[in-house]
1. Under a 5 Å amide H to amide H cut-off, with H placed in plane at 1.01 Å, what residues pair with residue 25 once short-range neighbours are removed?
2. Rounded to the nearest Å, what's the spacing between the alpha carbon centres of segment 82-114 and segment 124-166? Just the number, please.
3. I'd like to know which of 78, 170, 135 lies farthest towards the positive end of the charge dipole of segment 23-210, counting +1 on Cβ of Lys and Arg and -1 on Cβ of Asp and Glu.
4. Counting alpha carbon pairs within less than 8 Å and at least 6 residues apart, what relative contact order, in whole percent, applies to segment 23-210?
5. Once you've got the Cα coordinates, tell me which of 131/200; 157/200; 97/131; 65/167 are over 30 Å apart.
6. If packing is taken as the mean number of other Cβ atoms within 10 Å per residue, what is the order of 65-75, 47-57, highest first?
7. Above 27 angstrom, tally the Cα pairs of segment 23-210 and express them as a % of all pairs, no decimals.
8. Quick check: pseudo-label points 7 Å beyond the Cα along Cα→Cβ at residue 44 and residue 209, how many nm apart are they?
Amino acid sequence: MCNRMMFFALGTALFSPMVLAHPHSFITLVTTVMVENDQLTGLKMQWTMDEITSADLLYDAGNAKPDSPVWKKLAAEVMANVLGQHYFTEFWHNGEKVTFNNLPPEYGLAQSGHQAVLSFVLPLAHPQPLKGQTYQFATFDPTYFVDMSYDHPDDAKLPKALAEQCKISIKTPQPTEDMQAFALSLDKADAPPEDMELGKQFSQQVTLQCQ
């Protein structure tokens, strides 16, 4: 398995041996709610990887043009691993998990400076009502090997059609000092207990609330 595949499977380290604490990689998120016929249909996501994480992908892409088969092949490989982790995303409505379709209608990989950017549509398995409803979702690596976060409050976006009907907000958690110390104590080869859901403790929660 090549390095980029191992990275998205979260099973190996691609990064400097001087970095000991979790997380070891960083992905910046931008998410836009998708709507059709007044129903919530999915999320359009953009993940920008840090330069060190991007290096392996960009090396493999070389000087390939954006629309070349090289980029399409890389995108398919990365997307397959994202799908294997259920998009690294949980989506909730009234205390129940909302399920996803495992076939994204569109996805692509591109270069922005020295960073790789993965864009894709996360489709809900079934359209969801909007009027009077509240939804929460979060994108995170359960092991916290990778930090996945929004840099700015407006990086969770609404389409213009929902601007008056809905509002969207990002809540950043405040893990305890003990939790932060535990994450800092983990080496690349270490994995927290599965039932601890370490990454979830650090994950930002997005709330979509509609009138």
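1. Hits under the 5 Å cutoff: 147.
2. What the calculation gives is 11 Å, centre to centre.
3. My answer, from the dipole projection, is 135.
4. Working: 351 pairs, mean separation 51.9, N = 188.
About 28 percent, as a whole number.
5. On the way: 131/200 28 Å; 157/200 21 Å; 97/131 19 Å; 65/167 39 Å.
Over 30 Å Cα-Cα: 65/167.
6. On the way: 65-75: 14.5, 47-57: 19.6.
In descending order of packing, they fall as 47-57, 65-75.
7. Working: 5619 of 17578 pairs.
Here the tail beyond 27 Å accounts for 32 percent of pairs.
8. Going by the 7 Å Cα→Cβ label model, 2.6 nm.
Every number in this text was worked out from the coordinates using simple rules, so none of it is lab data. Here the structure is a predicted model, which is why all the values come from computation and not from measurement. In this analysis, Cβ positions are derived from the backbone assuming ideal geometry, glycine residues included, and neighbour counts consider all displayed protein chains.
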